[in-house]
Amino acid sequence: MFSRIFVRETPEGMASRAARAIQKKIMENNEKKIPTVLGLATGSTPEPLYKELIRLHKEENLDFSLVITFNLDEYWGLEANHSQSYNYYMHHHLFDHVNIKKENIHMLDGTVPLELIEEHAKKYEEQIKEVGGIDIQILGLGVNGHIGFNEPGSSLDSKTRLIKLDDKTRDANQRFFKSKDEVPTHAITMGIGTILQNSKACYLIATGPAKADIIAALYAASSPNEDIPATALYAHKDVRIMLDKEAASKLPSSVKPIKSLVSESIYAPKTSVALQFFPVSEHSSSINLTQ
Ligand code: F6R
């Protein structure tokens, strides 16, 4: 079971929680003059997170000049300037608004021809390793349990590769396109093994009622299985699950809030050893939990 599940009232509350943790890591590393490597997701869920990071940059001078990023995935077949490409998304929602250096941005290329994908993917893996891995990997969650575009059935040690998108994923993402036919059938995605082996910490974020069932299923699984790719995170030692109230609404009643702030509860599984909780203010950058 995940021992660190953070639940906030709203998606913005969840975003603020995640942004403060990212801010803390960036500031610590900036102080030491070392880069912070972030793994980034796209889609609706991280939008408020990126908005908050932009606010922290503009209003609190959060300095992105040493930040290095690797995005999880890209639709195969979309040019970088296509309005639904993840390249476009990232520039629009984050990169264009902070002082990140262009050369520090790493995105998979959706226009790579089939025969060159393997090479492209291998280079991406090498680049992640060259910078010493990912400090914080942000992960969204598909309604089918995917992380990145690792659809159900993806092996737990899968690497960056071309993947056929699940019908459920194309249905879910149809909302961004004029019709389902326009949703690409394939994507290039970091693998589950890539994520597990290279990320020092993983933040799985999910908001809204549409994620409640899969969050409940993920919680119930309690060990890795390929049917729900996000269960692979049970094999990682530093995972935080960050939810809004709606995404958390189907967690079992055995999962009780043990402490509440104005907009946050930390849920702890009944069976886990007691968590010590040190209350912090809404704007504090860290919550300490020890088991
Ligand atoms: C996208 C990605 C996907 C999404 C997931 C949820 O980069 O990695 O796993 O995070 O499909 O998408 P939203 O947030 O739109 O519900």
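The values are calculated or read from the model by the stated rules, or taken from the named source; none is laboratory data. The structure presented is a predicted model; accordingly, all values stated were derived computationally and were not measured. Neighbour counts run over all protein chains shown; Cβ positions are idealised from the backbone, glycine included. Ligands, DNA and RNA are excluded from the accessible area calculation, which covers all protein heavy atoms including side chains. Shrake-Rupley method; radii C 1.70, N 1.55, O 1.52, S 1.80 Å.
In the condition set (1) closer than 30 Å to residue 186 by Cβ; (2) open to solvent by 50 Å² or more (accessible area, probe 1.4 Å), residue 72 is compliant with all but (2).
Here's a check for you: in region 131-149, which residue that is within 8 Å of the ligand (Cβ to nearest atom) and assigned to a strand (DSSP E or B) is surrounded by the most Cβ atoms within 10 Å (Cβ to Cβ)? For region 131-149, the residue satisfying everything is 147.
Which one is most open to solvent (accessible area, probe 1.4 Å) among residues in region 1-39 that are in a helix (DSSP H, G or I) and free of Cβ contacts under 8 Å to residues at least 24 places away in the same chain? In this case the residue turns out to be 31. Evaluated against (1) surrounded by fewer than 19 Cβ atoms within 10 Å (Cβ to Cβ); (2) out of contact with any Pro (no Cβ under 7 Å at 6 or more places or on another chain); (3) closer than 21 Å to residue 142 by Cα, residue 49 falls short on exactly one condition, (1).
Does residue 74 meet the test of being within 16 Å of the ligand (Cβ to nearest atom) and not in a helix (DSSP H, G or I)? In short, yes.
Counting only residues that are over 27 Å from residue 210 (Cα atoms) and assigned to a loop (DSSP other than H, G, I, E, B), which one in region 42-64 is nearest to the ligand (Cβ to nearest atom)? The extreme case among them is 64.
Report whether or not residue 122 is in a loop (DSSP other than H, G, I, E, B) and out of contact with any strand residue (DSSP E or B) (no Cβ under 8 Å at 6 or more places or on another chain). When the stated conditions are applied, residue 122 does not pass them. Just one of (1) part of a helix (DSSP H, G or I); (2) open to solvent by 20 Å² or more (accessible area, probe 1.4 Å); (3) in contact with a Pro (Cβ under 8 Å, 6 or more places away or on another chain); (4) not small (Gly, Ala, Ser) trips up residue 211, so point out which. Single failed check for residue 211: (3). Of all residues in region 160-190, those satisfying the criterion of being closer than 22 Å to residue 127 by Cβ, open to solvent by less than 40 Å² (accessible area, probe 1.4 Å) and hydrophobic (A, V, I, L, M, F, W, C) are 163, 187, 188, 190.
Contact annotation: residue pairs with Cβ atoms under 6 Å, 6 or more positions apart or on different chains, pairing a residue in region 184-196 that is in contact (Cβ under 8 Å) with a residue 60 or more places away in the chain with a partner that is assigned to a loop (DSSP other than H, G, I, E, B) and charged (D, E, K, R), are 194/159. Within region 155-182, the residues that satisfy the criterion of being touching a residue at least 60 places away in the same chain (Cβ under 8 Å), part of a loop (DSSP other than H, G, I, E, B) and either within 13 Å of the ligand (Cβ to nearest atom) or small (Gly, Ala, Ser) (or both) are 155, 177. Residues in region 108-130 that are open to solvent by 30 Å² or more (accessible area, probe 1.4 Å) and either closer than 25 Å to residue 241 by Cβ or touching a helix residue (DSSP H, G or I) at 6+ places or on another chain (Cβ under 9 Å) (or both): 109, 129.
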